[in-house]
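Reviewing the structure listed below.
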Amino acid sequence: MRSLWSKEEADGYVAHYRERCNADIALRVYSSRLIGRDPALVLHGGGNTSVKTVVKDDLGRQVEVLCVKGSGFDLQDMEPEGLPALRLEPLRALRHLQSLTDEDMVNAQRTRMLNASAPNPSVETLLHAFLPHKFIDHSHADAMLSMLDQPEAEKLCVERFGRRFAFVPYVMPGFALAKLAAEVYEKQPDCQGLLLLQHGFFTFGQTAEESYVRHVQAVDEAEQYCRKRRYWSSGRGSIPPVRSLSYATLAPILRGLLGQSGDVVGRVESPTRRYALELRNAPETRAFVDDPQVDEFSQVGCATPDHVIRTKRYPLVLELDPNASESSIREHIAHALHGYRERYRDYVQRQMARKGIVVRPIDPDPRVIIAPGIGLIAAGATPKEAAVAADIYEHTIDVIRNANAIGTYQALPEADIFDMEYWSLEQAKLGKAPRKPLEGQIVYVTGAASGIGAATARLLAQNGATLYLVDRNETALASIAKELKAASEALDLTNEQAVRQSFDRAVQRFGGLDGVISNAGTAPQSPIDTCPTELLESSLRINLMAHQFVLSAASAVLKRQGTGGFLLVNASKSAWNPGPDFGPYAIAKAALLALMKQYALELGGRGIRCNAVNADRIRTGLLDQQDIAARAAARGLDTDAYYRTNLLQREVTAADVAQAFLSLALAPATTGSVITVDGGNIAASPR
Ligand code: ZN
């Protein structure tokens, strides 16, 4: 690891932020970003930094403050607003107290802030305040953790760093740690920083550059130390990959069982929780996952305590028999999950008894699953959470491997981890935003690039769904996928094989599926008695068979998953009320309704609901606009009036159709049904 400090860049920050803050804070922003940028130093909101400086308060007086990272900010995109200012003197005065509860500490910090609406300062604020240094940097750098997560950590660190750093034994973050760290520093006042055993490290300096360079320098030395034996493994070679079971098959089984948390198995329509899964199988990760001793190495505990809220204390190791049948694999996973959950519940009981307290237990599901032969699978309420857990565990793998290369990896005992896992200040980091109706649900949408498909995708995204969008139009698809931060794939739905492969990719990406909006279609026209066979066949191919390909591929995933799901098709009013020369279209759509009913009939027992939306006269690319104008003119109307010829005399929009799809996605007791979205058309109403 090398220092990325550049005088030119640093000057640029000072100039850029001149209007918004002083040079101290501008430089604090700069070196916070330098640290945040490197995942070997900090990950996903981890680490914190501070500067002591002088600013004007609201009376215009110069006041000495501590600007420290606020919670919810990531070092890599730090801004001055992410460094709330607290009056330093009254903050330091807290050191004279004997003790301070977490709630009182949070309150004491807030009452010392200059800006009442600024974010809560870091839980490690007092540690920064009680040390005298101007600039302080804190990280949980991988290489440092490899040295600090050791039974002989002090010996190794002295060997490497001499007396440059002072040691702080493990104490949970908060008031007690802040006091202890200050005492340790005062006994060794010439040190450049503090090594917090089984937690991380701090460096300090008179300038932003000095503290940062000391930080990077120390990590670099730790890396060199580990690198000597970098390519560690237990040395017994890896087991052969699981051949008979692809991840696309495994993931829905795992996801379904993860969602049904043991106590109430069986109610297919309402899994307790839904998870997104993230697979990691890069060679370095596989080397760990496939190690014959992974069962031992992976069960030691977290590399630094605040990882516990993302990864739990240890992963589930899921050894699967390559030659087993799908049903026995299911049974095996259910059994393994049951064991993991029991172990988790026992741990919570044990720790509650030890502390004489009662906590509301967090769900007992694993967040990291190690599947030898397949890879590392992380689970989260959203794809982002799953990715965070995967990132953290990949770095944990690095820490464990390096720690075992230079000594023996040793994590904190479960009592300390429990304190951290159930610490209210730590749980607060996970946020308590109200859940959206489709949060955690993975939905596949066809014809998503425009019209009804795009409107539906937007509405589903607003309601929390995770989306996999497909369309023929690659450019338009890329644009909406970007807008909605969705996964996407250009696809020809008339190719059955391609559709199956696309569902495999969706499962690879998110771990499973909860619903489908089978929307794509075309509207070919011809008198029926002279209709060219190719035209009729091509309409049947896209307006009927493509839906069958989509529903069939989706059903295979939903059945494996065993947590119900919804299959929604876009039919048309012409399914019931055909128009002249629309035979090729109307016939396919009428058959599509029959297809919908067949799925409702045959898959209802598995909690899979199938429904249709019959829309009419929506301004989309389906019909040629000149055609519409001609048809309107034939009725003596202009185009706008034509769109309003319905009972409600209201133009129906793609957004109205999207609303119907959303309603059906959320209707747990509705299957085999059709919703009309046509402004009212008695001739086309269900009968
Ligand atoms: Zn920390």
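The values are calculated or read from the model by the stated rules, or taken from the named source; none is laboratory data. Since the model is a prediction, treat every value here as computed from it, not as a measurement. Every residue, glycine among them, receives a Cβ derived from its backbone with ideal geometry; neighbour counts consider all protein chains shown. Just so you know, the surface numbers come from the protein's heavy atoms only, side chains and all, with ligands and any DNA or RNA stripped out. Shrake-Rupley method; radii C 1.70, N 1.55, O 1.52, S 1.80 Å.
Tell me, how many Å apart are the Cα centres for the stretch 586-611 and for the stretch 637-686? If we compute the Cα centre of each part, the gap is 19 Å. When both bridge partners sit in the chain, DSSP labels roughly 50% of those beta bridges antiparallel.
Protein-only accessible surface at a 1.4 angstrom probe places the residues Met105, Met545, Met352 in the order Met545, Met352, Met105, largest first. For the chain, the longest principal axis of the C-alpha atoms and the axis of helix 7-16 are separated by about 70°. Entry for the stretch 426-559 at q = 0.15 Å⁻¹: log10 I(q)/I(0) = -0.73, Debye formula applied to identical alpha-carbon scatterers, no solvent contribution. Quick note on the stretch 375-459: its Rg to Rh ratio, both from C-alpha atoms and Rh being the Kirkwood radius, is 1.16.
Relative to the longest principal axis of the Cα atoms of the chain, helix 583-603 runs at roughly 60 degrees.
Rounded, prolate or oblate: which fits the stretch 7-228 when a ≥ b ≥ c are the square roots of the eigenvalues of the alpha-carbon gyration tensor, with rounded for a/c under 1.5 and prolate only if a/b beats b/c? Judged from the Cα gyration tensor, the stretch 7-228 comes out oblate (a/c at least 1.5, b/c at or above a/b).
Rg then Dmax, both in Å and based on the Cα atoms of the stretch 634-684: 13.7, 44.
Ellipsoid semi-axes for the stretch 117-226, based on the Cα gyration tensor and the rule √(5λ), read 21, 16, 14 Å when sorted largest first.
Mean residue ellipticity at 222 nm from the helices of the chain, using -39,500 (n - 2.57) per DSSP H segment of n ≥ 4 over the full residue count, to the nearest 500 deg cm²/dmol? All intermediate terms of the calculation are to be shown ahead of the outcome.
Numbers: 26 runs with 298 residues, N = 687.
So the helix-based figure for the chain works out to -13500 deg cm²/dmol.
Taking all protein chains into account, the per residue accessible area for the stretch 7-228 stands at 41 Å² (1.4 Å probe).
Rounded to the nearest 10 degrees, the angle from helix 383-406 to the longest Cα principal axis of the chain is 40 degrees. How big is D for the stretch 562-682, in µm² s⁻¹ as a whole number, if Stokes-Einstein is applied with the Kirkwood radius of its Cα pairs at 4 °C and 1.567 mPa s? Roughly 84 µm²/s, to the nearest whole number.
Ligands, DNA and RNA excluded, the heavy atoms of Asp190 present near 130 Å² of accessible surface to a 1.4 Å solvent probe. Averaging 1/r over every pair of different alpha carbons in the stretch 24-144 and inverting the result gives a Kirkwood radius of 14.5 Å. Each Lys and Arg contributes +1 and each Asp and Glu -1, all at the Cβ; summed about the Cα centre of the chain, the dipole is approximately 880 debye. Across the chain, Cα-Cα pairs more than 51 Å apart make up 26 percent of the total. What translational D, rounded to a whole number of µm²/s, comes out for the stretch 247-429 from Stokes-Einstein when the hydrodynamic radius is the Kirkwood one over Cα pairs, at 25 °C and 0.890 mPa s? Stokes-Einstein gives a translational diffusion coefficient of 145 µm²/s.
Too long at a 19 Å Cα-Cα cut-off: which of Lys436/Lys482; Lys482/Lys559; Lys155/Lys179; Lys485/Lys559; Lys384/Lys482?
Working: Lys436/Lys482 21 Å; Lys482/Lys559 31 Å; Lys155/Lys179 24 Å; Lys485/Lys559 28 Å; Lys384/Lys482 16 Å.
Those over the limit are Lys436/Lys482; Lys482/Lys559; Lys155/Lys179; Lys485/Lys559.
If only the Cβ of Lys and Arg carry +1 and only the Cβ of Asp and Glu carry -1, the dipole of the stretch 613-686 around its Cα centre is close to 100 debye.
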